[in-house]
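Encoded as structure tokens, the structure appears first; notes follow it.
Just so it is clear, none of the values below were taken in a lab; they were calculated from the coordinates. Note that the structure is a prediction, hence the values are computed from the model and not measured. Neighbour counts are summed over all protein chains in view; Cβ atoms, including those assigned to glycine, are modelled from backbone coordinates with ideal geometry.
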Amino acid sequence: MTDLFGGAAPYYARYRAGHGEQAIEHLATTFGPDSSVLDLGCGPGTVAIPLARHVREVTAVDPDEEMLAEGRRLAAEVPDIRWLRGDSTMLRTLPPFDHVVMGRSFHWMDRRTVLAELDELLPPDGVVALVGPGRDPGEDPWEPTMRRVRAEFGLGPMRATNSYQATGEHHHDVLATSPFRDLSSTVYERRLAYDLDAVIGLQLSYSFSAPAHLGDRLEAFTDAVRKALLASNPSGRWEHVEATEVLIARRAPA
Ligand SMILES: C[S@@+](CC[C@H](N)C(=O)[O-])C[C@H]1O[C@@H](n2cnc3c(N)ncnc32)[C@H](O)[C@@H]1O
């Protein structure tokens, strides 16, 4: 298992926006209250924690021990979540589940192999759900500035090997040629506000600028980010509309 997000977990938990209530309710309605759900690539429980109160149980799996620790800490009051260290290559070793959800994590996996294995493991009405930025995520308002700072530090963008950027294939395309080709996509939009600390914290939540990746340049990087962001926007406040897609994939009817 790799260390893609070394040191990012607390920043991820604090500064990455969740998927929003509407997306979680959509997932909950799709899965149903008596279901057992696998959250694969759960991170600090971004989906698992809000979903847990709507379903019977959630198994939250991630290869990154720091992410799991953050999730366990945040979910101290939430029962019915089983946190397990593992990854998409270990699906057969996991306790049985009725449905699977992947929040911003499918791009890290060998997507076709995962779907073929899920076809063997999920019950006939089992659903594969993806939640995340969708096909046309747009650009954060601070991204042009951040691109310059990352370039100065020789950072990324490190693309997940199975992302659209790396392969030219959207998740939609991969699903459409899989056993789970009956697709339904819903996009929810929310206006989100960020202050300077939130934008800086967000940078440390990304794999390509995670603290472990920066090593002893962490402080120099955050100083440079702060200066560049304030130079481009002295108010230190940003707003943007975040689109979250819930993509539900079912087996095609025979
Ligand atoms: C961007 S985070 C997503 C966290 C959370 N699910 C969300 O919706 O925000 C991606 C997570 O996928 C995990 N991951 C990376 N490779 C994986 C794999 N092959 N199988 C399962 N999880 C993986 C990472 O450790 C990381 O926690």
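What to note about this one:
- GluC sites (Glu not before Pro) restricted to the stretch 54-152 and DSSP loop, no more than 15 other C-beta within 10 Å: Glu77, Glu139
- The trypsin sites (Lys or Arg not before Pro) of the stretch 20-126 that DSSP puts in a loop, and whose beta carbon has at most 16 other beta carbons within 10 Å, are Arg53, Arg56.
- In degrees, nearest ten, helix 218-232 long axis to first principal axis of the chain (Cα): 80 degrees
- Positive-end residue, the chain charge dipole about Cα centroid, Cβ charges, pick of Pro79, Gly126, His172: His172
- Structural descriptor for the stretch 150-241: relative contact order 32 percent, calculated from alpha carbon pairs under 8 angstrom and at least 6 residues apart.
- Computed over the chain: relative contact order in percent, which uses C-alpha pairs under 8 Å that are six or more apart: 25 percent
- Cα gyration tensor shape of the stretch 169-254, rounded if a/c is under 1.5, else prolate or oblate by comparing a/b with b/c: oblate
- Rounded to the nearest 20 debye, the dipole size of the stretch 128-227 about its Cα centre is 80 debye, using +1 on the Cβ of Lys and Arg and -1 on the Cβ of Asp and Glu.
- Simple rule: put +1 on each Lys or Arg Cβ and -1 on each Asp or Glu Cβ in the stretch 181-254, find the dipole, and look at Val241, Thr222, Tyr188; the Cα lying farthest toward the positive end is Tyr188.
- If only the Cβ of Lys and Arg carry +1 and only the Cβ of Asp and Glu carry -1, the dipole of the stretch 1-137 around its Cα centre is close to 260 debye.
- Remark: relative contact order (the stretch 54-189) = 23 percent; criterion is Cα-Cα distance under 8 angstrom and separation of 6 or more residues.
- With Cα atoms, 0 to 90° folded angle of helix 65-74 axis to the chain main axis: 80 degrees
- The dipole here belongs to the chain: it is taken about the Cα centre, uses +1 on the Cβ of Lys and Arg and -1 on the Cβ of Asp and Glu, and is about 320 debye.
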